[in-house]
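**Q** Have a look at the structure that comes next, please.
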Amino acid sequence: MYRFRLRYLNSQGTLMRILMTVTRRGLDLSYVQAEPAGDAYQVTLLVEAPVKQMLQMCRDWRVIVDVLEVEQPVEVRNLEEALANLAALPSSGAERAAAVN
Amino acid sequence: MPTGAAIVWACLKAEGIDTVFGYPGGAVIPLYDALDGSGIRHILTRHEQGAVFAAEGWARARGKAGVAIATSGPGATNLVTGIADARMDSVPLVCITGQVRSNLIGTDAFQETDIFGLTLPLTKWSRLVRTTEEIPDVLRQAFAIAEGGRPGPVLVDIPADLLKATVEVPVPGKYVPSRPAAGANASFPSAALQALLQSAKKPVALVGAGVKLAGAKDVLNQLLDRLNIPTTATVHGLGAVQKEAPYFMGMVGMHGTRASNTALHETDLLFVFGARLDDRVTGDPARFAPDARIVHFEIDPSQLDRVRRGELAVVGDLNDTLPQFVQSLDGFAVPDFSAWRTVACGPERAALGTGTNTALPAIRFLDELFARMPEQSYIVTDVGQHQMWAAQRFNSNFPFGFITSGGLGSMGFGLPAAIGVQLAQPERKVLCVSGDGGVQMNVQELATAKRFNLPVKLLIVDNKYLGMVRQWQQLFYDRNYAETDLSDNPDFVMLAQAYGIKGRRLGIDPTTETGLPANTGDVLNDFLSSPEPELLVFECPPEANVFPMVPSGAALSEMLLEEK
């Protein structure tokens, strides 16, 4: 399983195009979280994918018009571990909320 | 104050668009109401799919984004096949659809469809317009994205009330991409390329449509002359390589030449210039060019390593990277590959491999026809056996002279696309080669050709079958010709006459050496010279097959050269 994180402009359809890059391959999206990140947005995905498709998806995401950045995917052993790690790291949205408070 | 509709036309004019293709309907009545006086010619097709394919043909021949207009609901959904086609073949296309009024969106209103959502996976970019004021910016962005980088289709969906609303015309802002063009190589890998060339024994060049889209034909041929290595082209790359070049082996792929497919199987170094390497080109991807290191020159990074992991990727516009490649060879002694070239391009492999099959009359007929076409003319095809015969026999150096639906393989493409090509290039000869199956998918566009008196020449290669499917059924399904029989086709000559178009018929003549009637030349001369649309039906043997053929899922080396 891989954890992907992408920064994107929240323009019409951009998030859907990001997600469709996964779903068109018949892969299951185990986890999706989209949130504001600075002056853009970020989405975190957990996807079980073979290496070849993982690389293909990264390349496909990079050419979507309003995708700004595709981070290097991180391999995780299972969903539980991935969710635990995500919980340990405050999301950008949480950071911003904390800053506001 | 102008309406949203008037603003749309003004924006199209500002983008240099003089011709659009479309079909009116409820949601776009305001747009059509404002057409008069816009300075833009609207071509009324007889089906929205005809409009989008015609816009594709126009775009391919003009090198600019084509524009297709449709109403909401079924009008918009009828564009979908053309949008998918443009995506696969990298054709810049701006589709403008009317949408139901803003306050009805999401209510399942009459002729409401979520065309924005439907086309998300097919379009490069799309917008559902929410205010009349944003129309200029959205359209400017639409054209910039459709034509920029690897070209493709975009969609702009405009609710009817926004087309009717009046606003002060805002000055459109300059479109600024959200990020720079993806991943161009920071420095050109000259040393790596030279090292690969020095260690290679059997290099091959594979040329795709990207070379033509980049306008890099001349520099490509300069490079190929310098490398002097066996070279092949995809169906969309035809015309990019000089046909006289001694290293050119013809088309590659499922119905490519024996020489091309064999060389690709044997090569140890493969240069790919602007090609996607789809499965019709590679055969079984796992056994494609099994011994080759692949160097991929490509503008779209998403196409890299898709089929096979490459040794080296050179990302960027071929108009930039190919001159750099040429320059990098200055002072470099390109190894002598003449022994390999002699084998790969030699006469033993050069034979097309048509064997004794019954396609010879059709092939000879196409040779006779193509020989009469001026050099800078267009051959537009539909999809099927005739398409592959035409691709095999295409023999022109005009880079845009062969226009076809290659990636999606959309039957029905040929006739409307040829109409679009003729409108884009009115001085050029345009021949549409279609099949009896494909032509009936958009045959209504004969009315469009007649209305505008376009001198499009329509050839129907009539074998009274869905020929390519029948061929597969014959070869791989034990001749079970399930639902491919079209022996009850209409009389195409009478059908053309019903549209006010002259039609005639030619069959094979088994008594002549060529299998063609003695008057074939006269008929073809007359057919091509008339200044109006015309139909010619060539009655082809029903069980004629296209060879060579690489069976689906087989390696290129496993091509069939003739019927067993």
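**Q** In the stretch B:305-354, how many residues are open to solvent by less than 20 Å² (accessible area, probe 1.4 Å) and within 14 Å of chain A (Cβ to nearest Cβ)?
**A** 2
**Q** Considering only residues that are assigned to a helix (DSSP H, G or I), more than 10 Å from every other protein chain (Cβ to nearest Cβ) and within 20 Å of B:Gly4 (Cβ to Cβ), which ones fall in the stretch B:106-137? Lay out the reasoning, then the answer.
**A** At the first step, the residues of the stretch B:106-137 found to be assigned to a helix (DSSP H, G or I) are B:115-118, B:132-137.
Next, only the ones that are more than 10 Å from every other protein chain (Cβ to nearest Cβ) stay: B:115, B:118, B:132-137.
Correct list: B:Ile115, B:Thr132, B:Glu133, B:Glu134, B:Ile135, B:Pro136, B:Asp137.
**Q** Among the numbered conditions (1) within 14 Å of another protein chain (Cβ to nearest Cβ); (2) small (Gly, Ala, Ser); (3) under 22 Å from B:Asp225 (Cβ atoms), tell me where B:Ala259 comes up short.
**A** Of (1) within 14 Å of another protein chain (Cβ to nearest Cβ); (2) small (Gly, Ala, Ser); (3) under 22 Å from B:Asp225 (Cβ atoms), only one is false for B:Ala259: (1).
**Q** If you don't mind, another one. Given (1) over 19 Å from B:Ala142 (Cβ atoms); (2) crowded, with 24+ Cβ neighbours inside 10 Å; (3) among the acidic types (Asp, Glu), identify the lone condition not met by B:Asp36.
**A** (2)
**Q** Here's something else I'd like to know. Given B:Gln444, B:Gln422, B:Gln392, B:Gln385, which one is open to solvent by 10 Å² or more (accessible area, probe 1.4 Å) and in contact with a strand residue (DSSP E or B) (Cβ under 7 Å, 6 or more places away or on another chain)? Reasoning before the result, please.
**A** Numbers: B:Gln444 fails: in contact with a strand residue (DSSP E or B) (Cβ under 7 Å, 6 or more places away or on another chain); B:Gln422 fails: open to solvent by 10 Å² or more (accessible area, probe 1.4 Å); B:Gln385 fails: open to solvent by 10 Å² or more (accessible area, probe 1.4 Å).
None of the others qualify; the one that does is B:Gln392.
**Q** All but one of (1) touching a residue at least 12 places away in the same chain (Cβ under 8 Å); (2) buried (at least 16 other Cβ atoms within 10 Å of the Cβ) hold for A:Val63; which doesn't?
**A** (1)
**Q** Could you pull out every one of the helices (runs of 4 or more DSSP H) wholly within the stretch B:168-276 that has 2 or more residues that are farther than 24 Å from B:Asp305 by Cβ, in contact (Cβ under 8 Å) with a residue 40 or more places away in the chain and open to solvent by less than 50 Å² (accessible area, probe 1.4 Å)? Talk me through it step by step, then tell me what you get.
**A** Values: elements: B:190-199, B:209-213, B:217-227, B:258-266.
The helices (runs of 4 or more DSSP H) meeting that bar are B:217-227, B:258-266.
**Q** Can you give me the ranges of the strands (runs of 3 or more DSSP E) entirely in the stretch B:16-74 with at least 1 residues that are farther than 27 Å from B:Ala109 by Cβ and more than 22 Å from the chain's Cα centre (by Cα)?
**A** Working: elements: B:19-22, B:41-44, B:66-70.
So the answer is B:41-44.
**Q** With respect to B:Ile158, is the statement that it is away from chain A (no Cβ under 11 Å), among the β-branched types (Val, Ile, Thr) and either more than 22 Å from B:Arg101 (Cβ to Cβ) or crowded, with 17+ Cβ neighbours inside 10 Å (or both) true? Walk me through it before giving the result.
**A** Values: away from chain A (no Cβ under 11 Å): yes; among the β-branched types (Val, Ile, Thr): yes; either more than 22 Å from B:Arg101 (Cβ to Cβ) or crowded, with 17+ Cβ neighbours inside 10 Å (or both): yes.
It is true that B:Ile158 is away from chain A (no Cβ under 11 Å), among the β-branched types (Val, Ile, Thr) and either more than 22 Å from B:Arg101 (Cβ to Cβ) or crowded, with 17+ Cβ neighbours inside 10 Å (or both).
**Q** For the subset of the stretch A:5-30 comprising residues that are at pLDDT 95 or above, more than 10 Å from chain B (Cβ to nearest Cβ) and closer than 15 Å to A:Glu48 by Cβ, which member is least open to solvent (accessible area, probe 1.4 Å)?
**A** Per the stated criteria, the residue is A:Val22.
**Q** Which ones in the stretch A:32-71 are closer than 15 Å to A:Leu9 by Cα, at the interface with chain B (Cβ under 8 Å from one of its Cβ atoms) and part of a helix (DSSP H, G or I)?
**A** A:Arg62
The values are calculated or read from the model by the stated rules, or taken from the named source; none is laboratory data. In this text the structure is predicted, and so the values were computed from the model without any measurement. We place every Cβ from the backbone using ideal geometry, glycine too, and count neighbours over all the protein chains shown. With ligands, DNA and RNA removed, areas are computed over all heavy atoms of the protein, side chains included. Shrake-Rupley method; radii C 1.70, N 1.55, O 1.52, S 1.80 Å.
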